[in-house]
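Here is the structure we will look at, set down as C-alpha cells.
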Amino acid sequence: MAIGAIIIGDEILTGRRQDKHFSHLVDTLAKRGLELAWLRYCGDDETLLKQQFKEIHTHGDICFSFGGIGATHDDRTRQALAAAVGKPLIRHPDAVREIEARFAEQAYPKRILMAELPADSEIIPNPYNRIPGFTYGNIHCLPGFPEMAWPMMEWVMDTLYADLKFEKPVQLMLTLQHAHESELIDLMTDFQDTHPATKLSSLPRFVAKNHHEIELGIRGPAQDAHAALADLKTLLAKAKFNFIENH
C-alpha cells in the first residue's frame, strides 16, 4: 500500500507561502519505516481537485491532503472530495459537536460550515482548536496550518495505521569515474529487470571541467539490496568500468 500526499493552495503555487509539509511528512513516515511514494501540489481549483481526488480514491493509496478545509470561498477540499466520490455534504454530528464546543453560539452561522463533510466521513480530532479534519476511505484531509495538521497526521498514523510498518530500505552506492550514462543504459535496464525488488538510480556528477563521475544507487530491502549490489559489481567489472564502493 503506497502513501502519497496532495498539498493544496494557490498561495503555495504562487510562492506567497513555502510548503513545510513535505519534509515533515517524509520524517514522520521514516520513523515508522515508511516512505512517501508520490506528492502533488494543487491550487484552489475545485474541478482539478475533484479529478485528483477521484483518481486517488479509485487507486486506493493512502493519501494525506493538506489545506482547503475551511469555510471561505477559496476552501474547496470538502466540496471537491464529496463530488469525486459521489457523496453529498452533510453536517457531521461529531464535527458539529467539536465546533460548538470550541465556539459556542459563535459557531453560527459561518464556522459551522466546516462541519459539512462528505457523507460517511469520519472526523480527525484537532488538538489545537478542535476544528476537525476528516477521513473518507483512504483520503485523510487536514488543515493547511502545520501546527494543526502535523499532530492530526500523527493521530491518523497511530490510530488507523498502527500496524502499518515495513522494513526500512537501505541505500547502497557505487561511484564510477570517467563513465557516461549512455554507456550504462543497457546494463542498467537488464539489471533492473533481474532485480525487481530494488531500485537502481543513476546520478551524474561534474567534479571538474574534465572530470565527471556517475553515482549508482541501489535502494531496497537490505537482503535484496546487498545481493543486487554484488551482482552489479560483477557486471561493472566484466564491462571494464572502474568503480569505488561508497561507505
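General remarks:
- Surface composition of the chain: carbon plus sulfur atoms hold 53% of the accessible area, using a 1.4 angstrom probe and ignoring ligands, DNA and RNA.
- When shorter helices are ignored and each DSSP H run of at least 4 residues is given -39500 (n - 2.57), the per-residue value for the chain at 222 nm works out to -11000 deg cm²/dmol.
- Pairs from Lys20/Lys110; Lys20/Lys50; Lys87/Lys110 whose Cα-Cα separation, in the structure shown, is over 26 Å: Lys20/Lys110
- Its convex hull of Cα atoms gives the range 70-117 a direction-averaged projected area, equal to a quarter of the hull surface, of 3.3 nm².
- Dipole-positive endmost among Thr175, Asn129, Cys141 within the range 116-187 (Cβ charges, Cα centre): Asn129
- Among Gly133, Gly217, Gly15, the residue with the largest mean-square fluctuation in a Gaussian network model of the chain, with springs joining Cα atoms closer than 10 Å, is Gly15.
- Histogram of C-alpha separations across the range 1-133, 5 Å bin width, %: 2, 10, 18, 20, 21, 17, 10, 3, 1
- Kirkwood hydrodynamic radius of the range 85-158, Cα pairs, Å: 12.5
- Computed over the Cα atoms of the chain, pair by distinct pair, the Kirkwood hydrodynamic radius stands at 20.7 angstrom.
- Database remark: amide H of Arg17 closer than 5 angstrom to the amide H of Ile12 (H placed geometrically; neighbours at sequence offset of 5 or more, or on other chains; Pro and chain starts carry no H).
- Excluding ligands, DNA and RNA, the accessible surface per residue across the chain is 55 Å² with a 1.4 Å probe.
- For the range 127-247, the alpha carbon positions stretch 63, 34, 25 Å along the principal axes, listed from largest to smallest.
- Amide H to amide H distances under 5 Å link Gly43 with Gly9, where only residues 5 or more positions off or on other chains count and H is placed in the peptide plane.
- Taking amide H as placed 1.01 Å from N in the peptide plane, Val170 has its amide H under 5 Å from the amide H of Gly220, Ala222, each at least 5 places away in sequence or on another chain.
- Angle between the chain longest axis and helix 185-194 axis [Cα atoms, degrees, rounded to 10]: 70
The values are calculated or read from the model by the stated rules, or taken from the named source; none is laboratory data. All values reported here derive from a predicted model rather than from experimental measurement. Virtual Cβ from ideal backbone geometry, glycine too; neighbours counted across all protein chains shown. Note: accessible area is taken over every heavy atom of the protein model, side chains too, but ligands, DNA and RNA are not part of it. Shrake-Rupley method; radii C 1.70, N 1.55, O 1.52, S 1.80 Å.
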